[in-house]
Every structure is written in structure tokens, then in C-alpha cells.
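Down below is the structure, laid out as C-alpha cells.
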Amino acid sequence: MRRILPTEKFIITTHLTPDRVEDKLFSFVEPYRSAKFLRFDFSYTTPSDKPYQGTLENGFFEIRKMSERRNQGSLPIIQGSISDQDSEGSLIEVKIRPDKEFKDGMLLFAVVMIPIVIINFFCFLANFTEGDIAGSIMFLAAPILVCMGYFSVIQNFESDVKQDKQFILEIFE
């Protein structure tokens, strides 16, 4: 599962002190408004103008993009650590990875859909050998649609990872 889902690791070196790095990052990050496991907020407050939410404490951070249109569990998590680099600035180690719920959902999808795809493929072969080409094409359509849906989800996730990486790099340029 690790190779199928995109994960990005990179290191940023900057001339800023670790405290200044935290301040700069905090200017784009709002603390979690509700418990992490709820993923939604019932308060009637105005939405934040900060694009990310998460935690920053003791040189470590865990943030994710805020989205009102998408499920928060399908967005990547950005984790990192900020360390002092001998009076030359800071070293920021960043890892962008899928959320645990997203990984579990993709695993469940694979466990359920792979047997269905295999059964449909054998039904395709059985109908094709009997000369029923129209029926065999129908059995081939289901696996193709499942694969298209799966790769569409992965493509959207990869796009989110690239956007988050670009955002982090732009902050500390």
C-alpha cells in the first residue's frame, strides 16, 4: 500500500530561526476547532482566512488543508520538524502523507473490489469462448470502471500532495 499511495519527503533549509519559522508557519495555520476525530464543526463562527489547520508545538507540526467541499480524511497530512542549524538558520524536515482513514478506505476498496474484478474477468473469458461477444464486453466494463475510479482518486490525492508541497516551499523561499 505504501508504494501505491503517494508520499512526499523533503528537507528545507532556511536562514530563519526556528522561532521565526514557527511564527511564519503559524500565520497560515489555524488550531483545530474541534476534536481531531470529528472532522467537522458545529459552531456558527465565520470561516477562517487561514488555509490550513493543525498543531504546532515544540518544533513539530502536523497540519492539513481546510476544505468545506471535500472530506477532510481524503486530504494529505503535512508533518514536520523544525530544528536549529548551528546559527545558520533552520532545517525543516517535511513529510506529506495520506491520512490513516484514507489508507484504510483504499485498502478496504481493494479488498472488496479485487475479487469482483477477478470474477468479472473469468465471466468475460467464459462468455468470449462461447462466442457471446456482447455479453463478454459487459463483464469487461465493470473492472474497467473500477480501475478508472481507483486511479481517479489516486490522481486527485497526488494533485493535493503536489499543491501542499508547493505551498510549503513557497512559504520558506
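Of the residues making up the stretch 92-151, those that are touching a helix residue (DSSP H, G or I) at 6+ places or on another chain (Cβ under 9 Å) and small (Gly, Ala, Ser) are GLY105, ALA110, ALA126, ALA134, GLY135, SER136, ALA141, ALA142, GLY149. Could you please find all residues in the stretch 41-59 being at pLDDT below 65 and in contact with an Asp or Glu (Cβ under 8 Å, 6 or more places away or on another chain)? Matches in the stretch 41-59: PRO47 only.
Residues of the stretch 60-78 that are at pLDDT below 80, over 15 Å from the mean Cα position of the chain (by Cα) and buried (at least 18 other Cβ atoms within 10 Å of the Cβ): none at all. Remark: pairs (first residue in the stretch 135-146, aromatic (Phe, Trp, Tyr); second residue modelled with pLDDT of 75 or more and part of a helix (DSSP H, G or I); Cβ separation under 8 Å; 6+ apart in sequence or on different chains) = PHE139/ASN120; PHE139/PHE121; PHE139/CYS123; PHE139/PHE124; PHE139/ASN127.
No other residue among PHE124, PHE102 is in a helix (DSSP H, G or I), touching a Gly at 6+ places or on another chain (Cβ under 9 Å), hydrophobic (A, V, I, L, M, F, W, C) and closer than 28 Å to PHE10 by Cβ apart from PHE102.
The values are calculated or read from the model by the stated rules, or taken from the named source; none is laboratory data. As the structure is a computational prediction, the values presented were derived from the model and not from experiment. Ideal geometry is used to build each Cβ from the backbone, glycine not excepted, and the neighbour counts take in all protein chains shown.
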